[in-house]
Amino acid sequence: MLFAFCTMISCDNDLVLTDEYKDIPVVYGVLSLPGSEQFIRIEKGFIDPMTSGLEIAMNPDSLYYQNAAVSILDNATGTEYPLSMVDGAEFNFPRDPGIFATSPNYLYKSETNAFNPQAGQVYTLQIKRADLESLVTASTVMVDVPNIVRPSQTGASSLDFSYAQNTILKWNGDENSGLYDIAFDINYRERNVLDGGNFENKSVRWFVRSNYEEETYELEGISFYGAMANLLNEDPNVIRKFKNLDMIVAAGGQEVKEYVRIGQANSGLTSSQDIPVYTNISEGRGIFSSRQETRNNGVPITARTLDSLINGIYTKHLNFTE
């Protein structure tokens, strides 16, 4: 979930308002590092007793605030950093097709170096809506960068993926971190014998686990070979050489943890009909939190793992060679 949070372009479809019109801000924003730009989605949700909800959803003027002033406050210094309204499509954030208008896809944007978020600092999102006196706010503590412990980031630690036992992954987060996502970029070289030429560098991402609360993860070794078989296509004309792995750990704030936990609280056959909704937005709904990502690049695999990759029953058809 955290790998996708920074590009999560969604809107709350569950607003049920039976009173007269009331302005309801709907916010999805995660301060995400590393990254040169920060994007926050801010919309409004309401029901008009005179107009169909489907008709309202297709009207951009009904979805977005006009002339809203949006900023991020550094609580430690008291400095406010304004965000500008942009069309997300111009930054490769098109809106998914559905019942809501897809164009324009308005987001609020700031350059990361404009306020340089620091771990452990409190940041407050502020939304001042035109013609409304109340200030909509949401605060988060910026999480710190996770520290990958195993495989070591300082030594030549190799990963061993065995058919019969687990591979231990370990990292340390700070007290503000609530959930973790784990992934690997699998780096290899590839050459098509029909085309000739040199080997080309390639990479595929293996998403290992999302929304994980602990700081140690036991990965089934055999899952590495299953991932390789699923991510790479079989081609008798292609020869591949394995290079290394880049381990990636993303940490999300406590708000992300609560958002996921409450969303999962009433799911399944035994759930109640009254599903709770998490929000840390004053006078509104949604989430404002933080995220940090770290990488351990160039992790090698053991000779035993390479042999299983080349000759094992799950991956021998991928034509890896030494």
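The values are calculated or read from the model by the stated rules, or taken from the named source; none is laboratory data. Since we're looking at a predicted model, the values are computed, not measured. Please note: Cβ atoms are built from the backbone with ideal geometry, for glycine as well, and neighbour counts cover all protein chains shown.
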Which residues, counting only those in segment 71-111, are over 18 Å from residue 28 (Cβ atoms) and either β-branched (Val, Ile, Thr) or not assigned by TED's automatic domain parsing to the domain that holds residue 285 (or both)?
77, 79
Taking the stated definitions as given, is residue 125 touching a strand residue (DSSP E or B) at 6+ places or on another chain (Cβ under 7 Å), outside the structural domain of residue 234 (by TED's automatic domain parsing), surrounded by 15 or more Cβ atoms within 10 Å (Cβ to Cβ) and aliphatic (A, V, I, L, M)?
yes
Out of the residues in segment 223-256 meeting the condition of being of a type in the set (A, V, I, L, M) and assigned to a helix (DSSP H, G or I), tell me which one is nearest to residue 303 (Cα to Cα).
228
Give me the residue from segment 308-322 that is among the polar types (S, T, N, Q) and either at positive phi or in a helix (DSSP H, G or I) (or both) and, out of that set, surrounded by the most Cβ atoms within 10 Å (Cβ to Cβ).
308
When residues of segment 288-307 are filtered for being outside any strand (DSSP E or B) and among the aliphatic types (A, V, I, L, M), how many remain?
2
